[in-house]
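Notes follow the structure.
The values are calculated or read from the model by the stated rules, or taken from the named source; none is laboratory data. No experiment lies behind these values; they were computed from the predicted model shown. Positions of Cβ are generated from backbone atoms using ideal geometry, with glycine treated the same way; all protein chains shown enter the neighbour counts. Heavy atoms of the whole protein, side chains included, go into the accessibility calculation; ligands, DNA and RNA do not. Shrake-Rupley method; radii C 1.70, N 1.55, O 1.52, S 1.80 Å.
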Amino acid sequence: MRKKKFIYAVLALLTLGFAACQQEDDFAPQEQDQVIRIATRSTSDAGTTETYTDDFTLELWNDGTHTTHQMTYTEGIGWNTIKVKKLSPSVAAFAHKGSSVTDISYTGEWNYTVNLQLDQSSEEKLADADVMIATGSANAGSSLNLNFQHYYAKVTFNVELASEFYPGIDEISRFDVVTSDGDYVKPYVDGNSYTAVIPANPYFRAGVHFALVTINGEKLEVEIPDEYANPNGSFVAGKHYTFDLKVGKDKVSVEQVSMGDFDSPFGDGWNNEEDLN
């Protein structure tokens, strides 16, 4: 009997010891996920800032690993949470909104390609073509600050038919915006206004095609004004340019030109350009 009691005592001690070890393991500190806090804004070319809440894609380069996150803003809550197991001292971030941002990689800096969407014929397609980009870095002690900026310039053509045309009978059947690369953009049409985003680059020279207007089977050319062509100047990313056009039987004249912030529906500081055909 003494031998059995001794065995039971040993088993009891082993059980207690195992339970104690289990408790110590349970209370051992666990590695917690770290949350990346995000602060966003957008900046106009004039330097003014606004809150940015559009959906965007976030690329992170963290401790040698590249991950992609789809970001959505909820009023009263903020951005969806991004958690990582290990946050390196500095996390490189690349954020983009809009389509056609491809070939994204990181080699000490972000490398990527942006391709212009040529079909911008609806509000949704125009918004999708409007690429915005922000870069930044994050660490455990501070927020990831992303300042979104427009990659392209925006142009709007307000078109008026000359008196020799008959309203309701003579109509524009096609309008093409021609970029500095020679691509044809199908713009968004709102009444007599045609809007598109285009590369913020100078045109090869003054007088090359800026738009093509087709009416009654005739294709009329709109030439780029001197100030947006080599060697005089260029369009600026984040700016919105408005051109008032008058369509005649054999030519299109640029009546007025204005420039404002990208998101402004109308420009400011009208300039007379009546001699530009």
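Below is a table of values for the structure above.
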read-out: Net charge of Cβ neighbours under 10 Å - reference THR135; Lys, Arg +1; Asp, Glu -1; value: -2
read-out: Dipole moment magnitude, nearest 20 debye, the range 37-170 about Cα centre, only Lys, Arg, Asp, Glu C-beta charged; value: 980
read-out: Dipole magnitude (debye, nearest 20) for the range 52-130, charges at Cβ of Lys, Arg, Asp, Glu; value: 500
read-out: With every protein chain in place, the range 168-226: carbon and sulfur % of accessible area (1.4 Å); value: 42
read-out: Label point distance in nm, THR107-LYS83, each placed 7 Å from Cα along Cα→Cβ; value: 3.5
read-out: Linear extension gain, HIS209 paired with LYS251, 0.36 nm per residue minus alpha-carbon span; value: 13.8 nm
read-out: Over 28 Å (Cα to Cα) - which of LYS154/LYS251; LYS97/LYS239; LYS125/LYS251 fall in this group; value: LYS125/LYS251
read-out: Peptides 70-82, 236-248 ordered by average Cβ neighbours within 10 Å, highest first; value: 236-248, 70-82
